[in-house]
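Step one of this worksheet: look at the structure below.
The values are calculated or read from the model by the stated rules, or taken from the named source; none is laboratory data. Small disclaimer: the values here were computed from a predicted structure and weren't measured. For neighbour counting, all protein chains shown are included, and Cβ atoms are generated from backbone atoms with ideal geometry for every residue, glycine included.
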């Protein structure tokens, strides 16, 4: 159960970081309403808080190192679903390798 909650926090943090950054991007690069930037900023602050919900045994460095792998995969999925850029075989392989790293860093018995 603890691993499932941890994975959920990673996914939620990834959505907040990428989604928040995307909204700020739309405001600055595509001239969208200031509301995009405000909501994006709130999401980015949320991204800063969510990792603190990870298990107490996971230190800051370990959580953020593992989050890097999750970020890679969510970014690939975001580009595919939002920007309509289909990942190629190397994107998929790289994402898979990064998830293996996440599993080792966060969940391998110590």
**OP:** Among the residues of the stretch 77-99, write down those that are under 14 Å from residue 15 (Cβ atoms) and in contact with a helix residue (DSSP H, G or I) (Cβ under 8 Å, 6 or more places away or on another chain).
**Re:** 78, 82
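Between 19, 61, which is under 23 Å from residue 83 (Cα atoms), out of contact with any strand residue (DSSP E or B) (no Cβ under 6 Å at 6 or more places or on another chain) and either free of Cβ contacts under 8 Å to residues at least 40 places away in the same chain or crowded, with 17+ Cβ neighbours inside 10 Å (or both)?
Unique residue meeting the criteria: 19.
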**OP:** Of all residues in the stretch 64-103, count the ones that are closer than 18 Å to residue 4 by Cβ and surrounded by fewer than 18 Cβ atoms within 10 Å (Cβ to Cβ).
**Re:** 2
**OP:** Determine whether residue 28 is modelled with pLDDT of 95 or more, closer than 27 Å to residue 104 by Cα and either surrounded by 15 or more Cβ atoms within 10 Å (Cβ to Cβ) or more than 12 Å from the chain's Cα centre (by Cα) (or both).
**Re:** no
